[in-house]
Amino acid sequence: MLYLTSNFLTFAPSLHNRSTMDSMKRFVFAFFALFMILFSKHVTAKLPTVGEVLKNIPNVDSVHLLKITDYGTDVYELWFQQPIDHQNPEFGHFPQRVIFEFRSFQDPVVVVLEGYSVFTLKLSEPARMFFANQITIEHRFFSKSRPNDSIPWSKLNIFNAAADQHAVIQSFKPYFSNKWISTGISKGGQATI
């Protein structure tokens with residue numbers, strides 16, 4: 001039977017047609033469930049883990065998981081190979097220590113450029129405020145972020161420190177598309193600007 005209600009034409013099936021519709025609903029549901037079971041493996045791509053991502057970053061010599069914090073971040077230590085002089089890469093390289101605190105690939109990233117060595121593994125105030133990942137970069141030629149031989153002090157300048165920071169940030173950018181904030185302490189603050 002056909003009825004006209006609220007400017008719409010509706011169909012009210014008889015009892016015989018209802019059982020046919022119920023059978024049809026069961027068939028559609030079974031077909032959909034079977035489709036999901038058979039093709040779900042092909043639809044869900046395996047996402048890389050943070051460890052896999054960190055190990056594939058160019059110019060990283062080593063990656064170590066330092067700890068898993070009480071507030072849900074994994075803390076990694078990475079060693080980047082940086083040019084001693086970014087304008088003359090043939091001058092050689094030095095290892096630069098980077099601490100990475102990972103929350104998720106979808107969260108923002110706070111970059112902290114220390115003026116000297118890395119003093120703490122704790123999240124900075126901006127990283128806590130924005131529930132962000134944090135990258136802490138040890139300043140060139142301090143603590144263990146120095147050449148193995150002698151230190152060419154003439155290469156300790158704001159240009160090279162800013163280029164170090166830029167190289168580290170660009171290495172992480174393909175994996176973290178949310179907002180980024182950079183901050184710094186002492187010489188690190190100058191390099192951030």
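The values are calculated or read from the model by the stated rules, or taken from the named source; none is laboratory data. Here the structure is a predicted model, which means the values were calculated and not measured. As a convention, Cβ positions derive from the backbone with ideal geometry for all residues, glycine included, and neighbour counts pool all protein chains shown. The area values use the complete protein model at the heavy-atom level, side chains included, leaving out ligands, DNA and RNA. Shrake-Rupley method; radii C 1.70, N 1.55, O 1.52, S 1.80 Å.
Show me, for region 69-78, the HN-Hα J-couplings you get by feeding each phi into the Karplus relation (A = 6.51, B = -1.76, C = 1.60, θ = phi - 60°), rounded to Hz, glycine and proline as x.
Karplus values, whole Hz, x for Gly and Pro: 7, 6, 9, x, 10, 9, 10, 10, 10, 10.
FRET efficiency for THR49 and PHE131, Cβ-Cβ distance as r, R0 = 25 Å, nearest 0.05? Could you put the intermediate results ahead of the total?
Values: r = 20 Å, r/R0 = 0.81.
Approximately 0.80, to the nearest 0.05.
Of SER117, PHE91, TYR76, which is farthest on the positive side of the dipole of region 59-157, counting Cα position, with +1 on Lys and Arg Cβ, -1 on Asp and Glu Cβ, and the Cα centre as origin?
The Cα lying farthest towards the positive end belongs to SER117.
Quote the Stokes-Einstein diffusion coefficient, in whole µm² s⁻¹, for region 89-182, based on the Kirkwood radius over alpha carbon pairs, a temperature of 10 °C and a viscosity of 1.306 mPa s.
My calculation gives 113 µm²/s for D.
Accessible surface of ASP74 in the full protein assembly, 1.4 angstrom probe, to the nearest 10 Å²?
40
List the residues, sorted by chain then number, that are 5 or more residues from TYR116 or on another chain and whose placed amide H is less than 5 Å from its amide H.
HIS139
To the nearest 10 Å², what's TYR175's accessible area with a 1.4 Å probe?
The accessible area of TYR175 comes to roughly 80 Å².
Hey, which of these cross-link pairs are over 27 Å Cα-Cα: LYS122/LYS155; LYS55/LYS187; LYS67/LYS173; LYS122/LYS179?
Long pairs (Cα-Cα over 27 Å): LYS122/LYS155; LYS55/LYS187.
For VAL111, enumerate residues with amide H under 5 Å from its amide H, sequence gap 5+ or separate chain, H modeled in the peptide plane.
ILE135, ILE181, SER182, THR183
Tell me which residues come under 5 Å, amide H to amide H, from LEU66 once H is placed; ignore anything under 5 positions away on its chain.
For LEU66, whose amide H was placed from the backbone, the distant partners under 5 Å are VAL75, TYR76, GLU77.
What whole-number value in Å² describes the accessible area per residue of region 45-163 for a 1.4 Å probe?
On the way: 6130 Å² over 119 residues.
Per residue, region 45-163 has 52 Å² of solvent-accessible surface.
Determine, from the Cβ-Cβ distance of HIS166 and ASP70 and an R0 of 41 Å, the FRET efficiency 1/(1 + (r/R0)^6), rounded to the nearest 0.05.
Computed FRET efficiency for HIS166 and ASP70 comes out at 0.80.
Roughly how much of HIS93 is accessible, in Å² to the nearest 10, using a 1.4 Å probe?
100
Expressed as a whole percentage, what fraction of the accessible surface of region 49-193 belongs to carbon and sulfur atoms when a 1.4 Å probe is rolled over the protein heavy atoms?
On the way: 3920 of 7370 Å².
Here carbon and sulfur together make up 53 percent of the probe-accessible area.
Can you tally the net charge around LYS144? Count Lys and Arg as +1, Asp and Glu as -1, for every other residue whose Cβ sits under 15 Å from the Cβ of LYS144.
Around LYS144, the surrounding residues sum to -3.
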